[in-house]
1. Could you pull out the residue among 90, 99, 111 that is among the aliphatic types (A, V, I, L, M) and in contact with a Ser or Thr (Cβ under 8 Å, 6 or more places away or on another chain)?
2. Which pairs do you get when a residue that is more than 19 Å from residue 24 (Cβ to Cβ), found in the range 48-64, comes within reach of a residue that is of a type in the set (Phe, Trp, Tyr) and assigned to a helix (DSSP H, G or I), reach meaning Cβ atoms under 8 angstrom, with the pair 6+ apart or on two chains?
3. May I ask you to list the residues in the range 77-119 that are on the phi > 0 side of the Ramachandran plot and either of a type in the set (Asp, Glu) or surrounded by 14 or more Cβ atoms within 10 Å (Cβ to Cβ) (or both)?
4. Tell me, please, whether a residue that is under 13 Å from residue 84 (Cα atoms) and surrounded by 11 or more Cβ atoms within 10 Å (Cβ to Cβ) can be found in the range 42-63.
5. Name the pairs: first residue in the range 75-89 and over 16 Å from residue 62 (Cα atoms) and without any contact (Cβ under 8 Å) to a residue 24 or more places away in the chain, second residue surrounded by fewer than 16 Cβ atoms within 10 Å (Cβ to Cβ) and of a type in the set (Lys, Arg), Cβ to Cβ under 7 Å, at least 6 apart or on different chains?
6. Which helices (runs of 4 or more DSSP H) does the range 1-106 wholly contain that include 1 or more residues that are modelled with pLDDT of 90 or more?
Amino acid sequence: MNPQLAGLEGLEGTYVFDLHTSHRAMKLNRFLWKMIGADARAQFSADPEKSMTDAGLSDTEKDLVRRQDWIGLIRAGASFFVLEKFARVAQRTNLEVYAMMRGETFDEFMATRRVPECR
């Protein structure tokens, strides 16, 4: 393990994305990254199950994608930068995703912001 990361696993809400995680979740991250392409988005929209199977996702990963379990996807090793690509396909804004990751409604989340009236 990288000595700079020692002890981070004990910090609640911290999910290390390192080379080990990147390698372990490579298929998931490639699947999410490919959502930048119109063809991948169209394939997913037309047949999500085939799209996920073709990408080689595990049953657990498929379930996380189906349920749009954002924090579950992070825990499974998804990089937030590629998760954003899928959020657009799911028609979710970053703020909506943040709220769901915190287990809050969008309005509850926005009430914790410095400018809660901004949307």
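The values are calculated or read from the model by the stated rules, or taken from the named source; none is laboratory data. Predicted, not measured: the structure shown is a model, and the values here were computed from it. When we count neighbours, we look across all protein chains shown, and the Cβ atoms used for this are built from the backbone with ideal geometry, even at glycine.
1. 99
2. Filtered contacts from the range 48-64: 51/31; 51/44.
3. 77
4. no
5. That search, which allows pairs on different chains as well, returns nothing.
6. Once the helices (runs of 4 or more DSSP H) in the range 1-106 are filtered for at least 1 residues that are modelled with pLDDT of 90 or more, what remains is 26-33, 38-46, 48-54, 59-66, 70-75, 80-89, 94-101.
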